[in-house]
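**Q** So that we are looking at the same thing, I have put the structure below in structure tokens.
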């Protein structure tokens with residue numbers, strides 16, 4: 001029975017060492033480059049050019065905060081794929097949201 005505690009203790013130690021986060025440890029800019037920049041270069045929109053990431057366009061769609069951006073990527077409108085938690089963990093979605101809000105005024 002004691003041998004079963006060793007792997008569990010090792011996993012617990014690893015989780016504490018890297019932090020108890022569901023994020024990747026990558027910053028918002030890198031996450032944006034990986035998941036978003038293909039269709040939103042420099043905050044634009046290659047699919048629907050009228051729907052950029054500029055604050056005025058975001059706010060006209062009720063997207064005002066980083067949390068709003070994170071929620072939107074889960075259930076976007078036409079032309080954009082949904083990014084589930086398996087693709088972008090919640091902490092990373094929030095980092096992308098923070099990056100968008102700060103980077104595209």
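**Q** What is the spin-label model distance, in nm, from residue 26 to residue 68 if the labels are put 7 Å beyond Cα along the C-beta direction?
**A** Distance between the two pseudo-spin positions: 2.6 nm.
**Q** Classify the stretch 14-105: rounded, prolate or oblate, from the alpha-carbon gyration tensor (a ≥ b ≥ c, eigenvalue square roots; a/c under 1.5 rounded; otherwise prolate if a/b is larger than b/c)?
**A** prolate
**Q** With a 10 Å radius around each residue's Cβ, average the other Cβ atoms per peptide and rank 52-65, 26-39, 91-104, highest first.
**A** Result, highest mean Cβ count within 10 Å first: 91-104, 26-39, 52-65.
Laboratory data are not the source of any read-out in this text; all were calculated from the coordinates shown. On a predicted model such as this, the values are computed, not experimentally measured, just so you know. As a convention, Cβ positions derive from the backbone with ideal geometry for all residues, glycine included, and neighbour counts pool all protein chains shown.
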